[in-house]
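The block underneath contains the structure these notes are about, expressed in C-alpha cells.
The values are calculated or read from the model by the stated rules, or taken from the named source; none is laboratory data. The structure presented is a predicted model; accordingly, all values stated were derived computationally and were not measured. Every residue, glycine among them, receives a Cβ derived from its backbone with ideal geometry; neighbour counts consider all protein chains shown. To get the accessible areas, we keep the full protein, side chains included, count just its heavy atoms, and leave off ligands, DNA and RNA. Shrake-Rupley method; radii C 1.70, N 1.55, O 1.52, S 1.80 Å.
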Amino acid sequence: MKVGILVELQQNAYECIAKAAKQGFNNGQISVWDMSLYNEDIIAEVKRACTDFNFEITAVWCGWSGPVDWSYPNMYLTLGLIPSDWRAKRVEDLLKGAEFADALGVKDIVTHVGYLPDNPFHPDRLAVAQALRFICKKLKERGQHFLFETGEELPLSLVHLMNEVGLDNMGVNFDPANLIMNGRGSCPAAALEFLMPYIQGFHAKDAKKLVAPECKKQEVPTGQGDVDMPKLIAMLKENGYKGSITIERENYGSPNREREIQDIKEYLIGLIEAK
C-alpha cells in the first residue's frame, strides 16, 4: 500500500499536481467539479505535470452539475443521481469525466451516487440502477471501473444495487468518515468487512460520531476522530489490498492544511509499516 492525496483540480492544473508533488506525494486521486476542465488543454497540462513530477493518478473523482448541498436535510435532495431533474445531466457529466480519465490513462472513476433509498422498489432507486447500468456499460467498453464513494448509502443497499446493475466493473472507494458523519454506520470496521470484496480505493478521512440530537457531523484530522484507522489499515493489509490510501482533508483554505496533511501522511505510513 502507498499513501496518496486527493487533489482538487482547477484551471491551473499543472500547479495543482506540482503542489501535491512538492508535499512529497507521488500519487493521488484528482477531483473535478468544474466541467469546463474536461478539455484537451487541461489533459495536456495534467499529463505534463505527471511526467515532470513522476506522479500517478490513481482515480478521477467526478463531480456533477447543479445544486450541491451537503448539509442535513438538503443533502437528500441535491446529491448524486438521486435528483430526477438533474439525473440526465449528471449522467452526461460522469461520462465526460470517464472520457477525461481515459485520456489520462486512468481506469477508475469515483463519485457519490447520493442518498439511495433503502427500499429496492423505490422509483428513485430503480431509476438510479438504470442510469448506472448505462454508465457502467460505457465504461466497460474502455476497461474502466465505476467506484461508489461510501457515505450516503447503507452498505447493504450498496451491495444490493451493484447486484441489481449486474456488471463486473463496479467497486467501492471506501470513506469511513462519511459513514460516521452521515449516520450511515457508526462502526466503519463492520462496513469495511462487509464491503471488502468490492474495495478498490480508500479515503483516509476521520470524523467524530454523531451524538443526538445531531443529524450531521464535520470531519476532523485523520487520527483525531472516532474512525479506528489502525484497525481499518490492518484489515486492508490482511485482505491483500495493494492500492493507495488517499488522504482527503476538506479544510481547504486553512493555514494549517499543509502541516496537517504532512502529519496525516506520517501517521498513515506508520500504520502501513507496522507489523
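Of the residues that make up region 122-145, is at least one modelled with pLDDT under 95 and open to solvent by less than 60 Å² (accessible area, probe 1.4 Å)? Reasoning before the result, please.
First, the residues of region 122-145 that are modelled with pLDDT under 95: none.
Scanning region 122-145 turns up no residue that is modelled with pLDDT under 95 and open to solvent by less than 60 Å² (accessible area, probe 1.4 Å).
Inside region 88-119, can you point out the residues that are open to solvent by 10 Å² or more (accessible area, probe 1.4 Å), farther than 17 Å from LYS137 by Cα and out of contact with any Pro (no Cβ under 9 Å at 6 or more places or on another chain)? Let's see the steps before the verdict.
Of region 88-119, the ones open to solvent by 10 Å² or more (accessible area, probe 1.4 Å) are 88-89, 91-92, 95-96, 99, 102-105, 107-108, 112, 115, 117-119.
Imposing the further condition that a residue be farther than 17 Å from LYS137 by Cα reduces the set to 89, 103-105, 112, 115, 117-119.
Selection gives LYS89, ALA103, LEU104, GLY105, HIS112, TYR115, ASP118, ASN119.
Yes/no matrix, rows are residues, columns are (1) among the aliphatic types (A, V, I, L, M); (2) surrounded by 14 or more Cβ atoms within 10 Å (Cβ to Cβ); (3) more than 19 Å from CYS187 (Cβ to Cβ):
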{"position": "GLY201", "(1), (2), (3)": "no, yes, yes"}
{"position": "ALA204", "(1), (2), (3)": "yes, yes, no"}
{"position": "GLU214", "(1), (2), (3)": "no, no, no"}
{"position": "LEU236", "(1), (2), (3)": "yes, yes, no"}
{"position": "GLY240", "(1), (2), (3)": "no, no, yes"}
Kindly indicate whether GLU273 is surrounded by fewer than 20 Cβ atoms within 10 Å (Cβ to Cβ) and more than 30 Å from PRO197 (Cβ to Cβ). no
Going through region 108-131 in order, the residues found to be touching a residue at least 40 places away in the same chain (Cβ under 8 Å) and either assigned to a helix (DSSP H, G or I) or more than 22 Å from the chain's Cα centre (by Cα) (or both) are PRO120, ASP124, ALA127, VAL128, ALA131
Going through region 91-121 one residue at a time, which ones are at pLDDT below 95 and under 18 Å from TRP61 (Cβ atoms)? none
Kindly evaluate ALA189 against the criterion of being more than 18 Å from the chain's Cα centre (by Cα), of a type in the set (Gly, Ala, Ser) and either surrounded by fewer than 17 Cβ atoms within 10 Å (Cβ to Cβ) or modelled with pLDDT under 95 (or both). no
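Please tell me if GLU219 is within 25 Å of LYS275 (Cβ to Cβ) and open to solvent by 20 Å² or more (accessible area, probe 1.4 Å). Lay out the reasoning, then the answer.
Numbers: within 25 Å of LYS275 (Cβ to Cβ): no; open to solvent by 20 Å² or more (accessible area, probe 1.4 Å): yes.
Criteria not met by GLU219.
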